[in-house]
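Derivation of every value follows stated rules applied to the coordinates shown; laboratory data play no part. Keep in mind that what you see is a predicted model, and the values were worked out from it rather than measured. With ideal geometry, Cβ positions are generated from the backbone for all residues, glycine too; neighbour counts draw on all protein chains shown.
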Amino acid sequence: MFCRNLLPQFKSNRRDQFVIISDMLSFAITGVKKTELMYKAGLSSAQLQKYVRLLFRSELLELSNRKKRIIYVTTAKGKCFLETFVELARLLG
């Protein structure tokens, strides 16, 4: 959740789509299970599915098998997105 801390203007109860995406990608950098991602990002199951589909289509998130479990992992393109998002937040801040 390092991105949200850089954007004080987004600290309202309603998060911007880019903040939600950046949160999800930052949680998934080291790999995370679906349920864990849902709880950490503070999303409902339906919201999670919406964002996961978007992130898969955009090639920002991928699936990986670890110890016979499906894990969501941020791709290299997703890490680039996060770096760009953080830089934009710094410029705005």
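In a DSSP loop and with at most 12 other Cβ atoms within 10 Å, the trypsin sites (Lys or Arg not before Pro) in the range 13-73 are ARG14, LYS67, LYS68. Cross-link reach is defined here as a Cα-Cα straight distance under 20 Å, omitting same-chain residues fewer than 8 places apart; for LYS68 the lysines meeting it are LYS33, LYS34.
Extension gain for the segment LEU54 to LYS67, taken as residue separation times 0.36 nm less the Cα-Cα distance, is 2.1 nm to one decimal.
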